[in-house]
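Inspection log for the structure reproduced underneath, given as structure tokens.
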Number of protein chains: 2
Amino acid sequence: MRYSHKLSDAVHILAYIEIYHDDDLSSTAIARSVESNPGLVRRLMAALRTAGLLATQRGTATPEVTRDPTDISLLDIYRAVETDDNLLHVDDKTNPQCIVGGNIQETLREAYATVQAAAEAQMASITLASLIADIWQREQQKTQA
Amino acid sequence: MRYSHKLSDAVHILAYIEIYHDDDLSSTAIARSVESNPGLVRRLMAALRTAGLLATQRGTATPEVTRDPTDISLLDIYRAVETDDNLLHVDDKTNPQCIVGGNIQETLREAYATVQAAAEAQMASITLASLIADIWQREQQKTQA
DNA sequence: ATTGGTTGTTACTTTAAAGGTAACATCTAA
DNA sequence: TTAGATGTTACCTTTAAAGTAACAACCAAT
């Protein structure tokens, strides 16, 4: 398949809502920044809403991030929008008659779980606030030059 | 796209070659264990050979793992077979005119790199030898019951 | 040397998940 | 009432992976 950038777009949306708090926050306006389309933006916002990270109101373009950005991690956003959380995937069609085929699935599942845990621990340590701060810092470095 | 299980199949192949060292090691035999087809097995073996993990000889079904399994990590295999090493992907089409769109790519690239590093460190700590040992252990637990 | 079997490689098809697009019911606010 | 927004769904397109097949190159045994 294509590589997913749902996580990237979701962070984008949340950062946009925080940074352009007093401007147009319609899905159309956000889609212009993401260079995508309003439908996709609304779908991602729906996922963020389901995860309790975003509050929206039908009919009005007034989305609000529900928690303090210091209290929202990259992992929260990842889990909110990615349908399959797994970074690595076991081949679940192997020959059970074979010593390898009959056992490797569980072996790898366990190994991949530790990799997943390591990645998630790192994701948990990155906050939306720090990402927004980094965006601001890069912007300021531009205008200084 | 489909989720890749190239890494899983590559581990399967290497484990198979080690465990069935004195049996039929043709791509056809291995494909039966992977429940796939010889073409795919040979393609993965070619990638492992390019990475220096496997030695093969045209015409004869005599593949050999080149390094000691304690010296081959899951990361080595991952890098050998995955065309795109990145676990997370930045959306590289965002509006540069916008504060968010113009800076988020670099911000996320940096954040994702730390997640990648955490995952890779864990992958580096898992050896082919330990995976094979785990497969054996599971097999023995079966026959004991 | 011929034969049967194997690898190495490539081209093509199929599959599945992501993303693009559009439509429309529902809601809000002026 | 109306213009514009969201929420949701359905369908199409794209893309990387995996399946399939073919065949030249090679090996080993007879």
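Annotations for the structure displayed:
- Selected residue (only one of A:Gln105, A:Gln97 is among the polar types (S, T, N, Q), within 16 Å of DNA strand D (Cβ to nearest atom) and over 24 Å from B:Leu88 (Cβ atoms)): A:Gln105
- Within the option set A:Arg109, A:Arg79, being basic (Lys, Arg), out of contact with any Gly (no Cβ under 9 Å at 6 or more places or on another chain) and within 16 Å of DNA strand C (Cβ to nearest atom) holds for one residue only, A:Arg79.
- One residue alone among B:Ile72, B:Ile99, B:Ile126, B:Ile135 is more than 19 Å from B:Ile13 (Cβ to Cβ), surrounded by 12 or more Cβ atoms within 10 Å (Cβ to Cβ) and of a type in the set (Val, Ile, Thr), and that residue is B:Ile99.
- Of the numbered criteria (1) within 29 Å of A:Ala124 (Cβ to Cβ); (2) within 16 Å of DNA strand D (Cβ to nearest atom); (3) without any contact (Cβ under 8 Å) to a residue 12 or more places away in the chain, the one B:Asp91 fails is (3).
- Residue check for B:Leu7: touching a Phe, Trp or Tyr at 6+ places or on another chain (Cβ under 7 Å), modelled with pLDDT of 95 or more and within 11 Å of chain A (Cβ to nearest Cβ): yes
- The residue that is nearest to B:Leu74 (Cα to Cα), counting only those in segment B:14-49 that are polar (S, T, N, Q) and assigned to a helix (DSSP H, G or I), is B:Ser33.
- Residues that are over 22 Å from B:Ala118 (Cα atoms), within 14 Å of another protein chain (Cβ to nearest Cβ) and more than 16 Å from DNA strand D (Cβ to nearest atom), drawn from segment B:37-88: B:Val65, B:Pro69
- Total residues in segment A:34-59, condition within 9 Å of DNA strand C (Cβ to nearest atom) and among the small types (Gly, Ala, Ser): 3
- Candidate set from segment A:1-33 (those that are near DNA strand C (Cβ under 8 Å from one of its atoms) and touching a residue at least 24 places away in the same chain (Cβ under 8 Å)); member that is surrounded by the fewest Cβ atoms within 10 Å (Cβ to Cβ): A:Ser4
- Segment B:43-69 residues that are at pLDDT below 95, paired with ones that are assigned to a strand (DSSP E or B) and within 12 Å of DNA strand C (Cβ to nearest atom) (beta carbon under 6 Å, 6 or more apart): none
- B:Gln144 vs. criteria away from DNA strand C (no atom under 13 Å from the Cβ), surrounded by fewer than 20 Cβ atoms within 10 Å (Cβ to Cβ) and at the interface with another protein chain (Cβ under 9 Å from one of its Cβ atoms): no
- Candidates B:Glu120, B:Glu110 - the one that is more than 7 Å from every other protein chain (Cβ to nearest Cβ), buried (at least 19 other Cβ atoms within 10 Å of the Cβ) and either in a helix (DSSP H, G or I) or within 17 Å of the chain's Cα centre (by Cα) (or both): B:Glu120
The values are calculated or read from the model by the stated rules, or taken from the named source; none is laboratory data. What you see is a predicted model; the values in this text were computed from it and never measured. Every residue, glycine among them, receives a Cβ derived from its backbone with ideal geometry; neighbour counts consider all protein chains shown.
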